[in-house]
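So the structure is just underneath, and the comments pick up after that.
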Amino acid sequence: MNCGGLFLKFCLNYILIIARTSARLIEAFKDRPIHEFGPQTTLQTGNNFPMESPFSFAAEGLDRAQIPNDTGYLKEFFNRVDKSLQEIQNNPERKRLPVIIVGDARNAAFFKEVCDQPTDIVGEITTVPDLKVPAEKIIPEVQAMLVEYRLNRAKTALHHLTQARDAHQLLTDFSTIFRAVAEGNAVRLFVRQGYIQPGIIDFDQKIVTVHDDATASDMTDDVVDTFIELGMQQGGEICFLSAEQLGEEKPLSLQTRY
């Protein structure tokens with residue numbers, strides 16, 4: 001997968017739709033759903049999406065005030081929902097994605113209380129009246145929040161870039177970047193969206209020679225992709241920024257640990 005493909009992966013997100021009696025999970029890309037999890041995604045928890053609460057029987061014929069331990073039922077159900085969500089998030093074949101919760105304010109608050117990874121939750125939408133509508137009807141509700149989330153991430157990334165330069169911890173030379181990443185000395189890799197650079201990588205000498213001709217002998221069609229993959233393996237953060245956001249900055253730079 002080249003840098004462009006990886007950038008597309010970084011544009012994905014999950015939408016978790018939670019109600020008192022059910023939960024759905026949708027994977028979305030920008031303004032369209034690409035997958036809603038169903039029974040075909042078998043989870044070790046035994047609780048597959050879409051999920052029905054085993055405690056919903058308690059609500060039959062009663063209003064919320066009459067249901068004994070209603071809060072306990074909700075939190076136990078949402079805990080089961082979260083365990084299934086975390087199994088998907090922790091799948092090594094998937095990238096951990098930001099999560100937006102769709103549901104009423106009370107349920108969103110309870111879910112965040114029991115969630116094992118609350119930092120994954122980047123926002124909540126509490127204005128969707130019908131949580132059973134098709135995924136295509138849900139996506140438009142979350143777009144403004146996702147745009148704001150990505151803009152804030154870009155601002156934070158640019159702040160880190162400036163800090164790294166001021167601290168003399170910003171690298172722009174390809175060979176130096178490669179050595180730092182390979183040695184685990186990588187905090188953040190800043191990449192211009194869509195940036196592809198062919199080159200030859202000498203893995204023994206840790207030297208990268210860039211070329212414009214991607215058909216040359218021993219050529220790697222995109223060395224940026226190699227840097228990204230290595231950086232992710234080392235636990236580094238990858239920050240994709242637009243050409244407009246980067247301005248005069250290099251299309252590829254690395255913030256080091258030391």
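The values are calculated or read from the model by the stated rules, or taken from the named source; none is laboratory data. None of these values were measured; they are calculated from a predicted model. When we count neighbours, we look across all protein chains shown, and the Cβ atoms used for this are built from the backbone with ideal geometry, even at glycine. To get the accessible areas, we keep the full protein, side chains included, count just its heavy atoms, and leave off ligands, DNA and RNA. Shrake-Rupley method; radii C 1.70, N 1.55, O 1.52, S 1.80 Å.
Principal-axis analysis of the Cα atoms of the chain puts helix 135-166 at an angle of about 40° to the longest axis. Pull out a ≥ b ≥ c, the square roots of the eigenvalues of the alpha-carbon gyration tensor of region 88-207, then state rounded if a/c is under 1.5, prolate if not and a/b is larger than b/c, and oblate in the remaining case. Prolate is the answer for region 88-207, as a/c is 1.5 or above and a/b outweighs b/c. Residues considered: Ser84, Ser53, Ser217. Largest GNM mean-square fluctuation over the chain, using C-alpha springs under 10 Å, is found at Ser217. Helix 70-89 and the longest principal axis of the Cα set of the chain meet at an angle near 30°. Taking all protein chains into account, the per residue accessible area for the chain stands at 52 Å² (1.4 Å probe). Compared with the dominant Cα axis of the chain, that is its longest principal axis, helix 105-114 is turned about 60°. The stretch between Glu183 and Asn48, if pulled fully straight at 0.36 nm per residue, gains 44.6 nm over its current Cα-Cα span. Rounded to the nearest 5, the antiparallel percentage of DSSP beta bridges internal to the chain is 65%.
By the helix-only formula, in which each DSSP H run with n ≥ 4 contributes -39500 (n - 2.57) and the sum is divided by residues, the chain has a 222 nm mean residue ellipticity of -11500 deg cm²/dmol. Per-atom-type breakdown for the chain gives carbon and sulfur 49% of the accessible area (1.4 Å probe, protein chains only). Treating r as the C-beta distance of Phe203 and Thr172 and R0 as 30 Å, the FRET efficiency rounds to 0.90. So which of Lys95/Lys155; Lys206/Lys250; Lys30/Lys75; Lys112/Lys137; Lys112/Lys132; Lys95/Lys206 end up more than 26 Å apart by C-alpha? Listed pairs above 26 Å: Lys30/Lys75; Lys95/Lys206. Here are a few candidate values for percent of Cα pairs over 33 Å apart: (1) 34; (2) 16; (3) 39. Which one was actually calculated from the structure I just gave you? After the calculation, the listed value that fits is (1).
Annotation: extensible slack from Lys250 through Lys95 equals 53.2 nm (criterion: 0.36 nm per residue apart, minus Cα-Cα distance).
About the centre of its Cα atoms, region 153-258 shows a dipole size close to 600 debye [charges on the beta carbon of Lys, Arg (+1) and Asp, Glu (-1) only; nearest 20 debye].
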